[in-house]
1. If R₀ is 35 angstrom, what is the calculated FRET efficiency for the pair Ser106 and Glu86, using the beta carbon separation as r and rounding to 0.05?
2. Counting only heavy atoms of the protein chains, get the accessible area per residue of segment 99-156 (1.4 Å probe) and round it to a whole Å² value.
3. Give the carbon-plus-sulfur fraction of the accessible surface of the chain in %, rounded to a whole number; probe 1.4 Å, heavy atoms of protein chains only.
4. Given the chain, report the % of alpha carbon pairs whose separation exceeds 22 Å.
5. Determine the per residue accessible area of segment 197-271 with all protein chains present and a 1.4 angstrom probe, expressed in square angstrom.
6. Once you keep just the Cα pairs under 8 angstrom separated by 6 or more residues, what percentage relative contact order results for the chain?
7. Quick one: length gained pulling Leu142 to Trp215 fully straight, 0.36 nm per residue minus the C-alpha distance?
8. GNM, the chain, Cα, under 10 Å: largest mean-square fluctuation among Gly125, Gly12, Gly241?
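The values are calculated or read from the model by the stated rules, or taken from the named source; none is laboratory data. What you see is a predicted model; the values in this text were computed from it and never measured. Here Cβ is always computed from backbone atoms with ideal geometry, including for glycine, and neighbour counts include all displayed protein chains. SASA here: full protein model, heavy atoms, side chains in, ligands and nucleic acids out. Shrake-Rupley method; radii C 1.70, N 1.55, O 1.52, S 1.80 Å.
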Amino acid sequence: SIGEYVAACLAGVFDLERALAAEVDGARLVRAVVDDGASEARLLSTRGIDCGHRHRAAMLFLEVAAGEVRRSAEVAAKAAVEIDFEAQARRLATLLTIARDGDRASAESGPMVLAPPVAARALAGLLPMLVGGDGWRFARSLRGRRDRVASERVTVIDDGGLTGGLPRPGIDGQGVPIRAVRLIEAGYYRQPLLSWHEAHPGRGESSGCMLRPTWRQPPEPGPTHLYLKPDEDVSPAALVGSVRRGFYWLDCVGAGRFDLATDRFELPVCG
């Protein structure tokens, strides 16, 4: 029932608050917002499209504090009851401890390991190259040796049907079927995300990337589940353990600035 579902969400928030206090003396939960719901839509067009879909997702926003230090986090899931609240408490406790007791980095360079929140923010900074017809122009400006735009270890994929991701309808905001698209493969730029009217031979295929946040807004191109393909033979613990002296960046503490035209970026991080 709805009452039982709400009670389970509240229990998760209370568990988080207790776990946070146990991890960091004086830590407290300042704000918790759970947004959970579903939508249903039907699309008809003069191009013969007649389709419908259902969509469900939940978002959790958290703000915690220890003394004058505050940190926040956002978590998405298929449903609020699937969120691991205690894991979020441990993560926020670590960020509070770093913010309260940490020092500035004493060196400006060295090996770096990026936790998922930092890697995702860095990947989001490349969206001008990964979404829309202008992506080719940015890719040309970033090509280096052997025409690569990245290391041969880098493969970037957008997949609206990604297993384990937020459930999405099988079509985009214009009724085009979604599919997995390799935007960068082994460092080589393959194509940006393109709508059906931007795609043509030699420039890339359409990928069902037109997003419609609400029925009031026209569709706009954007990523669905955008991610770096992981190396299945390398574990996160092995990555961290391979750095004898360097940096393990856990989270971003600001929006950052990305300038693809000059090949420069700034991203404030902590870790």
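1. The value I calculate is 0.60.
2. The answer is 66 Å² per residue.
3. 51
4. That fraction is 66 percent.
5. In whole numbers, segment 197-271 has 73 Å² accessible per residue.
6. In percent, rounded to a whole number, it is 17.
7. Computed gain between Leu142 and Trp215 is 22.6 nm.
8. Residue with maximal mean-square fluctuation among Gly125, Gly12, Gly241: Gly241.
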